[in-house]
Amino acid sequence: SSGAATWGGASQGAYAVGNAYLDALAVDRRGRGLPATSLAWGAWRDSGMADEESARLITRVGLRLMDPAPAVQALAEAVGAGEPTLTVADIDWPRFGANYTIARRRPLIEDIPEATAAVRPDGDGDAVLRARLAAMTAAQRLTHLTGLVRTEAATVQRHSGADRIAVDKSFQEQGFDSLTSVELRDRLAALTGMPLPASLLFDHPSVRDVAAELDARLGGATDAAEPVPVVGIADDPVVIVGMACRLPGGVEQPDDLWRLLTEHRDAIAPVPADRGWTHDGTPFDGKGGFLTGAGSFDAAFFGVSPREAMSMDPQQRVLLESSWEALERAGMDPTSLRGSRTGVFVGGSVQEYATLLANSEESGSGYGLTGASGSVLSGRVAYVLGLEGPAVTVDTACSSSLVALHLAAQALRAG
């Protein structure tokens with residue numbers, strides 16, 4: 001059998017299932033008084049299945065390559081043991097435990113002290129770094145820590161200099177995966193002398209966010225907001241401070257909407273030429289209410305790859321644009337809300353883009369689920385802007401927008 005059946009393995013879904021079946025068969029046979037022993041192997045050195053590239057990745061995860069001699073000895077001992085299934089591997093527990101628990105708890109290894117020691121260590125931080133930071137202003141502290149994080153991130157990514165690492169882009173956009181995220185965590189923990197969670201980059205997704213977290217952990221000032229008191233209806237704080245809209249008839253901003261209404265213009269127009277819609281090989285000649293420029297989405301601006309952008313329901317693209325614009329019209333820098341308790345409440349509607357994706361040549365290219373899911377409408381806005389309040393998508397048919405606005409107002413009144 002294989003360790004993939006015990007702890008899983010990236011891109012090894014079918015392999016893990018097949019070996020898990022083998023383990024279960026051994027347990028079943030033993031239960032019926034029949035002989036069976038299933039050994040889930042880790043990676044073998046020299047004579048194993050792992051090629052050079054696989055061995056490099058496995059080692060980074062925390063799985064050492066086993067020497068054949070003791071592995072064969074373990075096989076001989078296991079056959080005579082009373083257990084129907086055993087896992088035999090040479091594991092670097094601190095590294096493996098940190099990688100394995102980066103996104104969530106792993107009850108499988110929580111009873112192994114060596115595995116959990118690196119995940120929940122204790123410490124007081126580095127005295128030299130603390131002393132150096134103590135002589136700085138708050139702004140200087142953040143600048144220093146930002147530079148430290150960028151330098152270590154560049155080293156992990158094997159860049160020639162720290163300037164190759166952006167301060168506000170997410171680590172995921174800059175090529176970090178679970179392995180390199182833990183590697184950067186380890187380097188920062190060593191530099192600061194502090195215990196840092198394996199989920200550090202998961203919870204604080206940019207260099208600036210990590211620097212602020214390190215500053216707080218090292219005794220710097222925090223920007224924790226004071227609790228907001230619950231407000232009664234009599235003292236209602238809810239006002240509309242910014243708007244944006246995309247509607248048929250060439251409406252791309254609120255002023256366009258008012259002009260459309262006051263001039264009594266018709267928003268119905270011929271089918272746009274950029275849709276590529278045809279019937280029996282000839283373009284449609286009908287009319288309808290269409291958004292102009294619906295295909296003009298600046299994916300890079302929102303940190304979305306071109307392939308993912310193609311898989312996103314156009315409603316998501318338009319919502320991202322209009323959300324950003326609404327904040328700008330309120331006189332705000334949209335990026336200034338990152339980390340705040342700002343909420344996103346969206347009145348959604350029918351999602352039909354999944355059908356188009358299913359019939360396309362690329363079938364969504366792995367992004368179909370998030371590209372055509374109603375719940376992602378609000379979640380994507382919250383993720384792009386770094387908002388940490390509630391993210392809710394409501395579909396109550398024709399009243400969706402009204403219900404979303406009601407829930408948003410209710411959340412404000414509740415603090």
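The values are calculated or read from the model by the stated rules, or taken from the named source; none is laboratory data. The shown structure was predicted, so the numbers you read here are calculated from the model rather than taken from an experiment. Virtual Cβ from ideal backbone geometry, glycine too; neighbours counted across all protein chains shown. We work out accessible area using only protein heavy atoms, side chains counted, and drop any ligands, DNA or RNA first. Shrake-Rupley method; radii C 1.70, N 1.55, O 1.52, S 1.80 Å.
Which values, in whole Å and largest first, are the semi-axes of the equivalent ellipsoid of region 361-413 obtained as the square root of 5 times each eigenvalue of the Cα gyration tensor? Write out the running numbers ahead of the final one.
Numbers: eigenvalues 134, 48, 6 Å².
So the equivalent ellipsoid measures 26, 15, 5 Å along its semi-axes.
The simple Förster model, with R0 at 35 Å and r as the Cβ-Cβ distance, assigns Gln410 and Trp258 a FRET efficiency of 0.75.
To the nearest 10, the accessible area of Glu152 is 20 Å² with a 1.4 Å probe. In this structure the amide hydrogen of Ile91, modeled in the peptide plane, comes within under 5 Å of the amide hydrogens of Arg64, none closer than 5 places in sequence on its chain.
For the chain, the fraction of 1.4 Å probe accessible surface lying on carbon and sulfur atoms is 56 percent. Angle between the Cα long axis of helix 178-192 and the longest principal axis of the chain, 0 to 90 degrees, nearest 10? Tilt relative to the chain: about 80 degrees.
Ligands, DNA and RNA excluded, the heavy atoms of Ser47 present near 80 Å² of accessible surface to a 1.4 Å solvent probe. Of the whole protein surface, Val318 contributes about 30 Å² of accessible area at a 1.4 Å probe radius.
Taking the Cα centre of the chain as the origin, how large is its charge dipole in debye, to the nearest 20, when only Lys and Arg (+1) and Asp and Glu (-1) carry charge on their Cβ atoms? Display every interim value, and only then the final one.
On the way: 35 positive and 52 negative charges, 119 e Å.
Here the size comes out at about 580 debye.
The H on the amide N of Ala372, modeled in the peptide plane, is under 5 Å from the matching H of Asp313, each at least 5 residues off or on a different chain. When you count the other C-beta atoms within 10 angstrom of each residue and take the mean per peptide, 387-396, 268-277, 207-216, 292-301 line up highest first as 207-216, 387-396, 292-301, 268-277.
Here the alpha carbons of region 26-91 define both size measures, Rg and Dmax, at 13.9, 42 Å.
Near Val344, the amide H atoms lying under 5 Å from its own belong to Ala391, Val392; only residues 5 or more places off or on other chains count, and H is placed 1.01 Å from N. Does anyone have the angle between helix 314-329 and the longest principal axis of the chain? Alpha-carbon axes, 0 to 90°, nearest 10? Around 70 degrees separate the two axes.
State, as an integer percentage, the relative contact order of region 288-365 based on alpha-carbon contacts under 8 Å between residues 6 or more apart.
Details: 27 pairs, mean separation 26.1, N = 78.
Computed over region 288-365, the figure is 33 percent.
Quick check for you: with a 1.4 Å probe and neighbouring chains kept, what is the accessible area per residue of the chain, in Å²? All intermediate terms of the calculation are to be shown ahead of the outcome.
Values: 23950 Å² over 415 residues.
It amounts to 58 Å² per residue over the chain.
Sequentially through region 375-385, phi angles give Karplus couplings (6.51, -1.76, 1.60; θ = phi - 60°) of 5, 6, 3, 6, x, 5, 4, 4, 5, 5, 8 Hz, Gly and Pro residues having no value and appearing as x.
Of the DSSP beta bridges with both residues in the chain, give the percent that are antiparallel, rounding to the nearest 5.
Of all bridge pairs located within the chain, approximately 45 percent are antiparallel.
Label positions at Gln73 and Thr278, each projected 7 Å from the Cα along the C-beta direction, are separated by 7.2 nm. Using C-alpha pairs under 8 Å with a sequence gap of at least 6, the mean separation divided by the residue count of the chain gives a relative contact order of 10 percent.
With respect to the chain, whose longest principal axis is taken over its alpha-carbon atoms, helix 207-217 is tilted by about 70°.
Hey, can you rank 353-361, 74-82 by average C-beta count inside 10 Å, highest first?
353-361, 74-82
Rg over Rh for the chain works out to 1.05, both radii taken from alpha-carbon positions and Rh defined as the Kirkwood radius. Using helices alone, what [θ] at 222 nm do you get for the chain, with -39,500 (n - 2.57) per DSSP H run of 4 or more residues, divided over all residues and rounded to the nearest 500? Calculated at 222 nm, the ellipticity per residue is -13000 deg cm²/dmol.
Temperature 20 °C, viscosity 1.002 mPa s: under these conditions the Stokes-Einstein estimate for region 280-372, based on its Kirkwood radius over C-alpha pairs, is 138 µm² per second. Average 1/r across all pairs of distinct alpha carbons in region 235-328, invert it, and you get the Kirkwood radius: 15.5 Å. By the Cα gyration tensor, region 130-216 has an equivalent ellipsoid whose semi-axes, rounded to whole angstrom, run 20, 14, 12 from largest to smallest.
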